[in-house]
Amino acid sequence: MSSVHVVDHPLMQHKLTYVRSQDTTTDNFRRLVREIAAMLAYEVTRDLPTELIDIQTPVAAMRSPVISGKKLCLVSILRAGNGMLDGMIDLLPGARVGHIGLFRDPTTLEPIEYYLKLPEDIQERTVIVVDPMLATGNSAVAALHRLKEAGVTSLKMVCMIGSPEGVKALTEAHPDVSLTLAAIDDHLNDHGYIVPGLGDAGDRIFGTK
Ligand code: URA
């Protein structure tokens, strides 16, 4: 049974508004994506297990919680996923980072992998896959299949904005993967853009348009 969590917080809504606006400059867009990604990192790690350790404060001894269980790995779906990495790493500085690149075969329309670099011990880690826009869901679905093939058993998906179509595709293909987003928008248009969305996330992060 998959879980879908939309982060509903005034700060998130405020930052999303400005990240969506076509008047936002490239430098502000990058900063906002980083801040939104950090808030999503906070939410997606909400259920991590903790254990108590003994410490000494300047005043007293105490038992205090630290994160326990599997170590973390972030996997960015190229190229727009890279825009979310810094914000996630701000909160998760010890996480390893993998990358996966996929393109769509023009005849079969199937996602083809053109790049994959993952930590060697990835199957022992909880993996958080990041991609700002969950549009058709095809790339995310394929990336999650690939990570399962690599032996990963604990997976979470984090996006900024999803379409209803992408959320449905992902949750049907991977009911075991939790999905955390800042918003689910109205629909996908005929060009594969999320409406109202924010346009092409990769182009806006890297200033290529
Ligand atoms: N990818 C984007 O960057 N934006 C969309 O709206 C859909 C896919």
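Residue pairs, Cβ under 6 Å, 6 or more apart or interchain, first in the stretch 117-136 and closer than 16 Å to VAL167 by Cα, second part of a loop (DSSP other than H, G, I, E, B) and within 16 Å of the ligand (Cβ to nearest atom). List them.
The qualifying pairs are VAL130/GLY81; ASP131/GLY81; PRO132/ALA80; ALA135/SER163; ALA135/GLY192.
Based on what the data block shows, is GLY137 within 13 Å of the ligand (Cβ to nearest atom) and either surrounded by fewer than 18 Cβ atoms within 10 Å (Cβ to Cβ) or not hydroxyl-bearing (Ser, Thr, Tyr) (or both)?
Here the answer is yes, as GLY137 does meet what is asked.
Looking at (1) more than 16 Å from the ligand (Cβ to nearest atom); (2) touching a strand residue (DSSP E or B) at 6+ places or on another chain (Cβ under 9 Å), which one does THR108 not meet, given that it meets all the others?
Condition not satisfied by THR108: (2).
Between SER163, SER154, which is within 16 Å of the ligand (Cβ to nearest atom) and modelled with pLDDT of 95 or more?
SER163
Under 9 Å by Cβ, and 6 or more places apart or on different chains, what pairs join a residue from the stretch 80-108 that is touching a residue at least 40 places away in the same chain (Cβ under 8 Å) with one that is within 16 Å of the ligand (Cβ to nearest atom) and acidic (Asp, Glu)?
Filtered contacts from the stretch 80-108: ALA80/ASP131; ALA80/ASP200; ALA80/ASP203; GLY81/ASP131; MET84/ASP131.
Taking the stretch 169-206 on its own, how many of its residues are at pLDDT below 95 and away from the ligand (no atom under 14 Å from the Cβ)?
Residues in the stretch 169-206 being at pLDDT below 95 and away from the ligand (no atom under 14 Å from the Cβ): 0 in total.
Filter the stretch 43-74 down to residues that are among the acidic types (Asp, Glu) and under 26 Å from LEU11 (Cα atoms) and give me whichever is surrounded by the fewest Cβ atoms within 10 Å (Cβ to Cβ).
ASP47
The values are calculated or read from the model by the stated rules, or taken from the named source; none is laboratory data. Worth saying up front: this structure is predicted, and the values here are computed from it rather than measured. Using ideal geometry, Cβ is built from the backbone for each residue, glycine included, and neighbour counts are taken over all protein chains shown.
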